[in-house]
1. If the chain between Leu245 and Glu24 were fully stretched, how many nm would it gain, using 0.36 nm times the residue separation less the Cα-Cα distance?
2. Sorted from fewest to most neighbouring beta carbons within 10 Å, what does the list Asp217, Asp144, Asp183 look like?
3. In nm, give the distance between the simple-model label positions of Asp36 and Leu186, each being 7 Å from the Cα along the Cα-to-Cβ direction.
4. Given axes a ≥ b ≥ c from the Cα gyration tensor, I'd like to know whether region 151-199 is rounded (a/c under 1.5), prolate (a/b larger than b/c) or oblate.
5. Suppose every Lys and Arg Cβ carries +1 and every Asp and Glu Cβ carries -1, with no other charges. What dipole size does region 69-211 come out with about its Cα centre, to the nearest 20 debye?
6. Each residue of region 145-161 in order: what ³J(HN,Hα) in whole Hz does its phi give by Karplus 6.51 cos²θ - 1.76 cosθ + 1.60, θ = phi - 60°, with x for Gly and Pro?
7. So how much slack lies between Arg82 and Asp49, counting 0.36 nm per residue of separation and subtracting their Cα-Cα distance, in nm?
8. How big is the C-alpha Rg of the chain next to the rule-of-thumb value 2.2 N^0.38 Å, as a ratio?
Amino acid sequence: MQNTRLSVNVNKIAVLRNSRGGAEPDVERAARTVLDAGAHGITVHPRPDERHIRASDVRRLAPLCRGRAEFNIEGNPFAGARGPYPGLLALCEETGPDQVTLVPDGDDQITSDHGFDLVRDAERLAPLVAALARTGARVSLFIDAGVQDLSLAAQLGADRIEIYTGPFAAAHAAGDAGAALRDCALTAAAAARAGLGVNAGHDLCQANLGAFLAGVDGVMEVSIGHALVGEALYAGLEATVGRYLDILGATRG
């Protein structure tokens, strides 16, 4: 039996706002709505170019979550300060998130599309993981499904991994998710052997979440944004969050 928590990524709300300028739709109001509907946390992924969530949004959302829900900041630890973006470490030191999820994305990526190469990146990651841990945050590393040796992640001081579920979602939509789901399950098992918790995210949606959780043991948290906001255009944020919580409840049972 699993007890998976739902963290809602509100980046897409910021994309809509930024496409027009001004303050609508309001990211803080959206976050409050999904928390009122029962979501367990809020995820944001600020980037140096501030093309969606901005550092100013992070500062507004941190107190909204504090003492009420988990606040998860995603970001590239190697990206330095730029303009109003102070850098991931500085932003986390300022806002005190519950969890920081490190993702190796660049400006040229529309969205995250791969996990860390731990052998290549370990030396650069080590001091950053240590610095983030000193803020009191749990540290999670974005990892490709299929990776079966996560000893380096544990040695770095990470607390969890987040399995990149994009390939699983694509395979599920194509009607043949068996191999991709097995890759996710193997990586979750490797994390457990290394003493790491397991999160998951990217392109999870109502259509595939149940199958994912049924096939992968020990998932502690799913981060869902793009699909959830798209579904909410038809059903509303409150109802859509409720449907995800129903899926999680059914998996627990």
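1. Details: separation 221, 0.36 × 221 = 79.56 nm, distance 2.66 nm.
Separation in residues times 0.36 nm, less the Cα-Cα distance, equals 76.9 nm.
2. Asp217, Asp144, Asp183
3. So the label points at Asp36 and Leu186 sit 4.6 nm apart.
4. Prolate.
5. On the way: 8 positive and 19 negative charges, 74 e Å.
That gives a dipole near 360 debye.
6. Values, residue by residue: 5, x, 5, 10, 10, 10, 4, 5, 4, 5, 5, 5, x, 5, 9, 9, 10 Hz.
7. 11.1 nm
8. Details: Rg = 17.0 Å, N = 253, 2.2 N^0.38 = 18.0 Å.
With N residues counted in the chain, Rg over 2.2 N^0.38 Å equals 0.94.
No lab work stands behind these numbers, since they all come straight from the coordinates. Source: prediction; values computed, not measured. As a convention, Cβ positions derive from the backbone with ideal geometry for all residues, glycine included, and neighbour counts pool all protein chains shown.
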